[in-house]
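K.L.:
Structure incoming, see below.
The values are calculated or read from the model by the stated rules, or taken from the named source; none is laboratory data. Just so it is clear, the model here is predicted, and its values are computed rather than measured. Heads up, the Cβs are rebuilt from the backbone with ideal geometry, glycines too, and the neighbour counts pull from every protein chain shown. Only protein heavy atoms, including side chains, enter the accessible area calculation; ligands, DNA and RNA are left aside. Shrake-Rupley method; radii C 1.70, N 1.55, O 1.52, S 1.80 Å.
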Amino acid sequence: MGLSFDEAIARLANVRTIEELTALIDDIELTPLGGRTVFFSGAISSIPGQISPSITSLDIAGAIAARNPNIVVVNDLPAGRFLNTDLSSASANRLLVEKLDELFAKDYQKIAEYFYGSRDASGSRVPNGIWDRVSKRFAAAAQGAVIRSEEHTSELQSQFRISYAVFCLK
């Protein structure tokens, strides 16, 4: 059994290096308990001229999970909650944001690489970020039915279309 969210937060103050932070994140609980596990990544839709996607697979997976308690997404587990650095979210881990600023000297490019991986010479993403590590652990621990967004199962496509339509209406 890994660390709870609260245990990880308590240990965060003692982290002094990037390696210690990575070890802490590796120790946070990530086992989904039954249900259907959904893996997701990437943008679904963008508005022309907008830098960030208007709808992400996280938005849709979260909406599906909110309507169905049997759906498990990594963001709802202690590790996912710990890694929430979206400051527009009420549940953002502000202590982690401060620690990242401290460890990376507010170099936001390095922080982004730490989270999402680096780029190779051709500009392709290298899956070596902390989210990649967490995703691999999440996949290994998955129980029950597993739905992968990249496989485009008809069921997931249907749920994405319905959720996308709901997002567009709102």
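K.L.:
Given contacts defined as C-alpha pairs under 8 Å and at least six residues apart, what's the relative contact order of the range 72-135, whole-number percent? Walk me through the intermediate numbers first.
P.N.:
Details: 57 pairs, mean separation 11.9, N = 64.
That works out to 19 percent.
K.L.:
I've got another one for you. Add +1 for every Lys or Arg and -1 for every Asp or Glu among the other residues with Cβ under 10 Å from the Cβ of Asn93, and state the total.
P.N.:
Local charge sum for Asn93: +1.
K.L.:
Which of Leu95, Ala112, Ile130 sits farthest toward the positive end of the charge dipole of the range 77-145, with +1 on the Cβ of Lys and Arg and -1 on the Cβ of Asp and Glu?
P.N.:
Ile130
K.L.:
Sticking with this one: Tell me, what is the 1.4 Å probe accessible area of Leu87, in Å² to the nearest 10?
P.N.:
90
K.L.:
Under 16 Å Cα-Cα from Lys110, which aspartates and glutamates qualify once same-chain neighbours fewer than 8 residues away are excluded?
P.N.:
Within the straight-line cut-off, Lys110 pairs with Glu19, Glu98, Asp101, Glu102, Asp120, Asp132.
K.L.:
Here's a follow-up. Counting only other residues whose beta carbon sits under 10 Å from that of Glu7, what net charge do I get with K and R as +1, D and E as -1?
P.N.:
Values: positive: Arg11; negative: Asp6, Asp27, Glu29.
Once positives and negatives cancel, what remains is -2.
K.L.:
Please compute the net charge surrounding Arg119, taking Lys and Arg as +1 and Asp and Glu as -1 over other residues with Cβ under 14 Å from its Cβ. Working shown, then result.
P.N.:
Values: positive: Lys110, Arg125; negative: Glu113, Asp120, Asp132.
Every neighbour counted, the sum reads -1.
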